[in-house]
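K.L.:
Sharing a structure here in structure tokens format.
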Amino acid sequence: MSKKGVSKLDLVTTNIRSENLKGKPNLIFSDRFCTLIGMDLLPHSLFANIGFSFKDYPSSIRLQISESKAVLLRPYHAFDDEQNLGDIILQDWLKVLKKIKILTIEGGLIDKKNILLNLPINTLVFDHLPKENGHVVLKTVLSMKLKYLVYKEMDVSDITYLRKQLPKTAILQKEEYEQMVNQGLIPFE
């Protein structure tokens, strides 16, 4: 951990400082496809990449993963690779996350099976809508009960439309959201 409370994992994945989390962070499990971080020895944040397959892990690890409250999905294999971001197609294993509150997706977001509708998330963070079928994701987002919708890039017309349709949802740019979390203005739990 650095002097300011930012670990290498935080810097590479989300820029959110662990000092703003309630509890003491600890590493529960890590391999080349995922890292599971706990708070006070309880599962909290799952960082997974495109090679992650829930069924490939022993039941004890799957149980801990299913307790994750925050999930970050990346479209490439290594957390320290500097590759072009592609699209993330949401997988069925996300449905086992009954405690998830925050879902962060790097790259484009594709939800062919409306998996988002089955998740109890209140914060959805994504880089951009996919070029094809972006309207499908918008329709899904309108059906969700989100506190925060966070984007890196989105058309102004889509932002305006979402703000009109979701007056109780804070719609923020990713940089602004991360700053507010780092300042403790938005809880990351």
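Laboratory data are not the source of any read-out in this text; all were calculated from the coordinates shown. What you are looking at is a predicted structure, and each value in this text was computed from that prediction instead of being measured. So basically every Cβ, Gly included, is an ideal-geometry build from the backbone, and we count neighbours across all protein chains shown.
K.L.:
Within 9 Å, Cβ to Cβ, of residue 169, how many net charges do the neighbouring residues add up to if Lys/Arg are +1 and Asp/Glu are -1?
P.N.:
That works out to +4.
K.L.:
Run the quick spin-label model on residue 163 and residue 42: label points 7 Å from Cα toward the beta carbon, then report their separation in nm to one decimal.
P.N.:
Spacing of the two 7 Å Cα→Cβ label points: 3.7 nm.
K.L.:
Rounded if a/c is under 1.5, else prolate if a/b beats b/c, else oblate: with a ≥ b ≥ c from the C-alpha gyration tensor eigenvalues square-rooted, which is the range 8-180?
P.N.:
On the way: a/c = 1.57, a/b = 1.46, b/c = 1.08.
Prolate shape, in that a/c is at least 1.5 and a/b is the bigger ratio.
K.L.:
Additional query: Report relative contact order for the range 33-189 in percent, whole number only (criteria: Cα-Cα under 8 Å, sequence separation at least 6).
P.N.:
On the way: 279 pairs, mean separation 24.6, N = 157.
So the answer I get is 16 percent.
K.L.:
Would you mind telling me the antiparallel percentage of the DSSP bridges in the range 8-180, rounded to 5?
P.N.:
The answer is about 30 percent antiparallel.
K.L.:
Sticking with this structure for a sec: In square nanometres and to one decimal, what's the mean projected area of the convex hull around the Cα atoms of the range 117-189? Before the final figure, lay out each step's value.
P.N.:
Details: hull surface 19.7 nm².
Answer in nm², one decimal: 4.9.
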